[in-house]
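These notes concern the structure reproduced below.
The values are calculated or read from the model by the stated rules, or taken from the named source; none is laboratory data. Bear in mind that the values here come from a model prediction, so they are computed numbers and not experimental data. Don't worry about glycine lacking a Cβ; one is built from the backbone with ideal geometry, like all the others, and counts go over all protein chains shown. Areas reflect the complete protein model, heavy atoms only, side chains present, ligands, DNA and RNA absent. Shrake-Rupley method; radii C 1.70, N 1.55, O 1.52, S 1.80 Å.
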Amino acid sequence: MTEDPDQHWMQRALVLAERAAAAGEVPVGALVAVDDQVLGEGWNRPAAAHDPTAHAEICALRAAAQALGNYRLSGATLYVTLEPCPMCAAAAIHARVDRVVFGAFDPKAGAAGSLFDLLPPDRRFNHRMQVRGGLEAAACARLLSGFFRARRGVRGASD
């Protein structure tokens, strides 16, 4: 593992985001890790799963909870290539993760300071966590912008 474990896990989350893009989904990848062990991985799958909640973070949190046999993921870090939306931020709060580390900021739906400020949670929540944003932000943003540029190009070709 690299000197910075966050860097290592974000690289793995980027690979998961590429998996989403290959499936035609918005390229967001996520994983839940404790120490040097991945408990769950996920990538965006709302279209394929016909499930509006199948965001990368939700998929990773579900897999981690299943692996532990417990919905509480104390001691865990959620790594995600895009700033979590309000739904995913709330799921991380309810799962009691210790940290959220994300890549690109999301000014249209981000809940870690860009549009909303749920992470670190509002003091009215019963759980607080550490947040590190902007890790590998350029690589994460490049993957997203390339995906949408290609999508617009395809759509534009058929107009």
Quick check: anything in the stretch 47-54 at pLDDT 95 or above, acidic (Asp, Glu) and either in contact with an Asp or Glu (Cβ under 6 Å, 6 or more places away or on another chain) or over 21 Å from MET10 (Cα atoms) (or both)? yes
Counting residues that are within 18 Å of ALA30 (Cα to Cα) and either among the small types (Gly, Ala, Ser) or touching a Lys or Arg at 6+ places or on another chain (Cβ under 6 Å) (or both), which strands (runs of 3 or more DSSP E) fully inside the stretch 57-159 reach at least 3? 99-104
Being more than 10 Å from the chain's Cα centre (by Cα), open to solvent by less than 10 Å² (accessible area, probe 1.4 Å) and of a type in the set (Gly, Ala, Ser) is true for just one of GLY110, GLY103, GLY69. Which residue is that? GLY110
Which numbered condition HIS8 misses (of (1) more than 23 Å from ARG132 (Cα to Cα); (2) part of a helix (DSSP H, G or I)): (1)
Quick check, is ASP4 open to solvent by 20 Å² or more (accessible area, probe 1.4 Å), more than 19 Å from GLY103 (Cα to Cα) and acidic (Asp, Glu)? no
